[in-house]
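Everything below concerns the one structure shown next.
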Amino acid sequence: MTKKIFIWVAHPKAASLCAGLADAYEAGARGKGADIRRMDLCAMQFDPTFEGYGPDAPALEPDLLEWQDNLAWADHVLIVHPYWWGAMPTRAKAVLDRALTSGFAYKYHQRGMGWDKLLTGRTADALITSDTPPLIDTLIYLKPARRVIRNQVLGFCGIKARKVVQFGSVKLADAAKIDRWIGKARAMGQAAA
């Protein structure tokens, strides 16, 4: 069976290390026969304003509906984003805020604190770039970006995280190190397919 993979590059700039990592992952997965859909945050058009959930929430724009459709279609997801001030960029977070809606990604139970995870049956990888070295991020900051994407985003919706990898320090990396990161992303894409 052909694996269906949705790749979301959650970086606001087109030319970025995140895009390069996504390119390598995509090439690895395509080389193993995967069917790929890809969206890049830099090309998405939507209002990032978020004032909360409820009946008066604005309708989703076409790009956010396409993002939802791609997520629903996929067997496997790759999210690639930079790590800025302990989290993903604001526009990327706005996609999650606006598109991971009740009835699509989760559904709270009428009583109590429980919820149904509506995106079960999918797996995901995440690649995160940072200037903070991953070891420092783990020891001092307790890896917030990796925990959030694994638990509060993917896990909350029922998507099983396979690998969540943080590459850093980007600002200290030479070309050889970046080539190794690209190679790892390609290998992860092959494994995902």
From the options 156, 167, residue that is without any contact (Cβ under 8 Å) to a residue 60 or more places away in the chain and either surrounded by 14 or more Cβ atoms within 10 Å (Cβ to Cβ) or in contact with a His (Cβ under 6 Å, 6 or more places away or on another chain) (or both):
156
Scan the range 141-178 residue by residue and report those that are of a type outside the set (A, V, I, L, M, F, W, C) and in a helix (DSSP H, G or I).
141, 144, 146, 147, 150, 151, 152, 155, 177
Take residue 29 and tell me if it is more than 12 Å from the chain's Cα centre (by Cα) and more than 20 Å from residue 157 (Cα to Cα).
yes
Subset of the range 47-78 [surrounded by 15 or more Cβ atoms within 10 Å (Cβ to Cβ), out of contact with any helix residue (DSSP H, G or I) (no Cβ under 7 Å at 6 or more places or on another chain) and more than 14 Å from residue 96 (Cα to Cα)]
74, 75
Considering only residues that are closer than 22 Å to residue 131 by Cα and surrounded by fewer than 15 Cβ atoms within 10 Å (Cβ to Cβ), which ones fall in the range 179-192?
179, 180, 183
Based on this model, can you work out whether residue 86 counts as surrounded by fewer than 14 Cβ atoms within 10 Å (Cβ to Cβ), touching a helix residue (DSSP H, G or I) at 6+ places or on another chain (Cβ under 8 Å) and not basic (Lys, Arg)?
yes
Considering (1) touching a residue at least 40 places away in the same chain (Cβ under 8 Å); (2) acidic (Asp, Glu); (3) over 27 Å from residue 48 (Cα atoms), say which one residue 131 fails and leave the rest.
(3)
Looking only at the range 94-122, which residues are in contact (Cβ under 8 Å) with a residue 24 or more places away in the chain and touching an Asp or Glu at 6+ places or on another chain (Cβ under 7 Å)?
106, 122
Looking at 161, 126, 145, 176 in this structure, which one is over 27 Å from residue 63 (Cβ atoms), among the aliphatic types (A, V, I, L, M) and either free of Cβ contacts under 8 Å to residues at least 40 places away in the same chain or buried (at least 20 other Cβ atoms within 10 Å of the Cβ) (or both)?
176
If you go through the range 80-93 one residue at a time, do you hit one that is in contact with a Pro (Cβ under 8 Å, 6 or more places away or on another chain), touching a residue at least 12 places away in the same chain (Cβ under 8 Å), farther than 28 Å from residue 2 by Cβ and β-branched (Val, Ile, Thr)?
yes
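Every number here is computed from the coordinates shown, using simple stated rules; none is lab data. Quantities reported herein were computed from a predicted structural model and do not represent experimental measurements. Here Cβ is always computed from backbone atoms with ideal geometry, including for glycine, and neighbour counts include all displayed protein chains.
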